[in-house]
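S.K.: Take this structure, written in structure tokens, and hold onto it; I'll ask about it next.
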Ligand SMILES: *Cc1c(COP(=O)(O)O)cnc(C)c1O
């Protein structure tokens, strides 16, 4: 296969390159997709069932339910726990909008807790002060593939009798104290969007749980609110995973541990390349965690200038996410302005994610690092 058919692409080191992964799994995936097409069974078939079994074994959980997206997994997790109007859900504003959108979809209110600056995840020391009689759940996000501090979160949840829903959309395979994320709380939610560590070739998601009743509720909700066909007990949705997507995921799942391992090696190499460089803060890991580096995110001053310079010099750096959720128009009704979540707001202005995917080469990483260091130096000289 040829890469960089045009010059611009040739010079650009992208944040992620899905085409390269296709070289590993393409042939096998193509065979499996053709098998599905020939089978005539396109929805909720064998591949769904087998993938649910295979991924629950991989994660170490009793039940997995395939869904159409990570957003649906979050939404249906809340529905399954009967969280809705009048309820509050404690979460972070330093995440992708789907996290809080799902809370609003069910009519509940997101209550934001500031982040810990070192991990970008919810600051566990600030959760308890936000608990009210309306609080029903804590919804931590394992952002950039870094596990949130689950022992502390579970301790608070038990003490206050709260549910825990884990947003694992960026963190498949990540571990906290030797246990995979998603298995600590009541329900774990995953996304198979193409750019995630385990991505399919369309949309896909998953909810996992050890609770049989919750599993059955999610199964009913994903298929119009009924466990038996044409018997509808409540309002559900259509959130089934295509057989084609399930077949592709089954091909990819055996590779995920190696892909995550490679990401960790690339992160370590970036750390080495940036070592001792003034003005560049590299990511930190909590002790006892296995971070899967969905993103490799540094902190720099003059971030917007550096981001622009990098784009011009062929480095596909990205900002995840440029506006914290409490300042988004969609959540304005919560009445939170600037200055309410200080670490969230401060870090939103510093973070910069660099090219990171299993297949990135050492040479590309060296080019990325060299260019970042140049840009940082140039902006410091200007100041
Ligand atoms: C991707 C993502 C989602 C949503 O997943 P979709 O499959 O795109 O719906 C939710 N939360 C986080 C943190 C994500 O990164």
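S.K.: From the list 148, 73, 77, exactly one residue is assigned by TED's automatic domain parsing to the domain that holds residue 206, within 14 Å of the ligand (Cβ to nearest atom), in a loop (DSSP other than H, G, I, E, B) and touching a residue at least 12 places away in the same chain (Cβ under 8 Å). Which is it?
M.R.: Details: 73 fails: in a loop (DSSP other than H, G, I, E, B); 77 fails: in a loop (DSSP other than H, G, I, E, B).
Unique residue meeting the criteria: 148.
S.K.: Then there is this: Let me spell it out: the conditions are (1) within 23 Å of residue 88 (Cβ to Cβ); (2) at pLDDT 95 or above; (3) more than 11 Å from the ligand (Cβ to nearest atom), and residue 201 meets all of them except one. Which number is the exception?
M.R.: (1)
S.K.: While we're looking at this one, here's another question. Picking from 165, 172, which residue would you name as being in contact with a strand residue (DSSP E or B) (Cβ under 9 Å, 6 or more places away or on another chain), within 12 Å of the ligand (Cβ to nearest atom) and in a loop (DSSP other than H, G, I, E, B)?
M.R.: Details: 165 fails: in a loop (DSSP other than H, G, I, E, B).
After ruling out the rest, the residue left standing is 172.
S.K.: Do we find that residue 260 is over 30 Å from residue 363 (Cα atoms) and at pLDDT 95 or above in this structure? Break it down into steps so the answer makes sense when it comes.
M.R.: Details: over 30 Å from residue 363 (Cα atoms): no; at pLDDT 95 or above: yes.
For residue 260, the condition - over 30 Å from residue 363 (Cα atoms) and at pLDDT 95 or above - is not met.
S.K.: Next question, about the same structure. In the stretch 22-70, what residues are under 17 Å from residue 191 (Cβ atoms) and either within 16 Å of the ligand (Cβ to nearest atom) or over 22 Å from the mean Cα position of the chain (by Cα) (or both)?
M.R.: 51, 55, 64, 65, 66, 67, 68, 69, 70
S.K.: Right, here's the next one. Say whether the condition of being more than 24 Å from residue 252 (Cα to Cα) and either free of Cβ contacts under 8 Å to residues at least 24 places away in the same chain or surrounded by 17 or more Cβ atoms within 10 Å (Cβ to Cβ) (or both) is met by at least one residue in the stretch 190-203.
M.R.: To start, the set of residues in the stretch 190-203 that are more than 24 Å from residue 252 (Cα to Cα) comprises none.
So far as the stretch 190-203 goes, no, none of its residues is more than 24 Å from residue 252 (Cα to Cα) and either free of Cβ contacts under 8 Å to residues at least 24 places away in the same chain or surrounded by 17 or more Cβ atoms within 10 Å (Cβ to Cβ) (or both).
S.K.: Look at the stretch 81-104 and say how many of its residues are without any contact (Cβ under 8 Å) to a residue 40 or more places away in the chain, more than 16 Å from the ligand (Cβ to nearest atom) and buried (at least 20 other Cβ atoms within 10 Å of the Cβ). Before the answer, list the steps.
M.R.: Quick first cut of the stretch 81-104, residues without any contact (Cβ under 8 Å) to a residue 40 or more places away in the chain only: 82, 84-85, 102-103.
With the extra rule that they be more than 16 Å from the ligand (Cβ to nearest atom), the set shrinks to 82, 84-85.
In the following step, the residues that additionally are buried (at least 20 other Cβ atoms within 10 Å of the Cβ) were identified as none.
Of the residues in the stretch 81-104, 0 are without any contact (Cβ under 8 Å) to a residue 40 or more places away in the chain, more than 16 Å from the ligand (Cβ to nearest atom) and buried (at least 20 other Cβ atoms within 10 Å of the Cβ).
S.K.: Select, from 361, 340, 305, the only residue that is surrounded by fewer than 17 Cβ atoms within 10 Å (Cβ to Cβ), closer than 29 Å to residue 113 by Cβ and more than 23 Å from the chain's Cα centre (by Cα).
M.R.: Values: 361 fails: closer than 29 Å to residue 113 by Cβ; 305 fails: closer than 29 Å to residue 113 by Cβ.
Of 361, 340, 305, the one residue that is surrounded by fewer than 17 Cβ atoms within 10 Å (Cβ to Cβ), closer than 29 Å to residue 113 by Cβ and more than 23 Å from the chain's Cα centre (by Cα) is 340.
The values are calculated or read from the model by the stated rules, or taken from the named source; none is laboratory data. Quick caveat: nothing in here was measured; it's all calculated off a predicted structure. Here the Cβ is made from the backbone with ideal geometry for all residues, glycine too, and neighbour counts use every protein chain on show.
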